[in-house]
Amino acid sequence: MKPSLLMCSPEYFGVRYAINPWMEGQIGQVDPAVAVRQWTDFYNALKRQADIHLIDPQSHVPDLVFTANAGLMHEGHFIPSRFKHEERRREEPIFRKAFESRATRITLLPKNIYFEGAGDALMQPDSNRLWAGYGFRTDREAHPFLAEQLSLEVVSLHLTHPRFYHLDTCFCPLLDDQVMYYPAAFDEPSLQAIEARIPPENRIVVAEEDAVHFACNAVLVGRMLFMNHAGPELAQLIKNKGYMPVIQPVSEFLKAGGANKCLTLPLG
Ligand code: ARG
């Protein structure tokens, strides 16, 4: 069965405030025509492999394109995000409404706990394990709540590098108990938590030059890995593990601190 993904077209995308290091110095710098072209190319490539659902863009929320941050959908049960920054909190009612018809159940987080959805919560395929990031956007306190509500094993990973402020910027679960990740984004206990669960031969370690081009922010559909960039060595490592890297450049979106994975939300 084809996976379902939620996306939002970028008519109103732009950098209009700075809430992460990538956005600094980029206010007003997005070329809207290029952004639309890049997003559309990515959307068309993805559409051949997945069912894409769309939500309507709105002019007052330029980051709405990053649907990964809507919340976390697990087997029809949706946990909406509670954004750390006021600028993105305006997206909450839009996403919440979009899920009234799409989810079988919606559970709200306790007040004052931040959680930025699938940007900080990634399922290991074919397992009961949710990798969950915290430190910049999501509070660690959100993790036991997710574990209980969704009956999942939640592994908490502490993000410590400001450029890798969401887990999906530096970590990508793959098939067969494999992961691709950028170790410098994590603290030591988190690296140990990864290493304790994933044997060395199942780890694709991403180098800094690939990580800063959002190589970890990849969308896995079947054995295809849609990503902004992979240098020749990383591309070879990915191929050696049996995946096909599909390069879909989204440089305009990097100016806002997001790439391919951030532009999609798994619906199931
Ligand atoms: N400008 C957005 C923010 O700072 C980018 C979000 C990227 N999304 C992601 N899942 N990493 O919130």
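The values are calculated or read from the model by the stated rules, or taken from the named source; none is laboratory data. Because the structure is a prediction, the values reported are computed rather than measured. We place every Cβ from the backbone using ideal geometry, glycine too, and count neighbours over all the protein chains shown.
Name the residue that is nearest to the chain's Cα centre (by Cα), counting only residues in the range 137-167 that are within 15 Å of the ligand (Cβ to nearest atom) and surrounded by fewer than 22 Cβ atoms within 10 Å (Cβ to Cβ). Top of the filtered list is ARG163. Is it the case that ALA118 is part of a helix (DSSP H, G or I) and within 15 Å of the ligand (Cβ to nearest atom)? In short, yes. Cβ-Cβ contacts under 7 Å between residues 6 or more apart (or on different chains), taken from a first residue in the range 68-86 that is within 10 Å of THR107 (Cα to Cα) and at pLDDT below 95 to a second residue that is away from the ligand (no atom under 12 Å from the Cβ) and in a strand (DSSP E or B), are absent. Among residues of the range 2-25 that are free of Cβ contacts under 8 Å to residues at least 12 places away in the same chain, those with a Cβ under 6 angstrom from a residue that is near the ligand (Cβ under 10 Å from one of its atoms), sequence gap 6+ or separate chain, pair up as GLU24/ALA18. Are any of the residues in the range 247-260 at positive phi and away from the ligand (no atom under 16 Å from the Cβ)? No - not one qualifying residue is present in the range 247-260. Return yes or no: is GLN192 among the polar types (S, T, N, Q) and in contact with a strand residue (DSSP E or B) (Cβ under 8 Å, 6 or more places away or on another chain)? For GLN192, the condition - among the polar types (S, T, N, Q) and in contact with a strand residue (DSSP E or B) (Cβ under 8 Å, 6 or more places away or on another chain) - is not met. When GLU208 is tested against (1) out of contact with any strand residue (DSSP E or B) (no Cβ under 7 Å at 6 or more places or on another chain); (2) within 16 Å of the ligand (Cβ to nearest atom), exactly one condition is not met: (2).
Scan the range 181-222 for residues that are farther than 25 Å from VAL246 by Cα and either touching a Leu at 6+ places or on another chain (Cβ under 8 Å) or of a type in the set (S, T, N, Q) (or both) and the total you get is 5. Considering only residues in the range 81-114 that are closer than 18 Å to ALA68 by Cβ and among the acidic types (Asp, Glu), the one that is farthest from the ligand (Cβ to nearest atom) turns out to be GLU92. From the list ALA103, ALA98, ALA70, the one residue that fits, being surrounded by fewer than 22 Cβ atoms within 10 Å (Cβ to Cβ) and either farther than 26 Å from GLY14 by Cα or not β-branched (Val, Ile, Thr) (or both), is ALA103.
GLU208 satisfies every condition listed in (1) in contact with a Phe, Trp or Tyr (Cβ under 8 Å, 6 or more places away or on another chain); (2) acidic (Asp, Glu); (3) buried (at least 24 other Cβ atoms within 10 Å of the Cβ) except (3).
Residues that are modelled with pLDDT of 95 or more, crowded, with 17+ Cβ neighbours inside 10 Å, more than 16 Å from the ligand (Cβ to nearest atom) and not hydrophobic (A, V, I, L, M, F, W, C) are absent from the range 212-219. Based on what the data block shows, is LEU6 in contact with a His (Cβ under 6 Å, 6 or more places away or on another chain), closer than 22 Å to GLY222 by Cα and within 15 Å of the ligand (Cβ to nearest atom)? Judged against the criteria, LEU6 is a match. Anything in the range 246-268 that is in contact with a helix residue (DSSP H, G or I) (Cβ under 8 Å, 6 or more places away or on another chain), surrounded by fewer than 24 Cβ atoms within 10 Å (Cβ to Cβ) and either outside any loop (DSSP other than H, G, I, E, B) or among the small types (Gly, Ala, Ser) (or both)? List them, or say none. Within the range 246-268, VAL246, SER251, GLU252, LEU254, PRO266 qualify.
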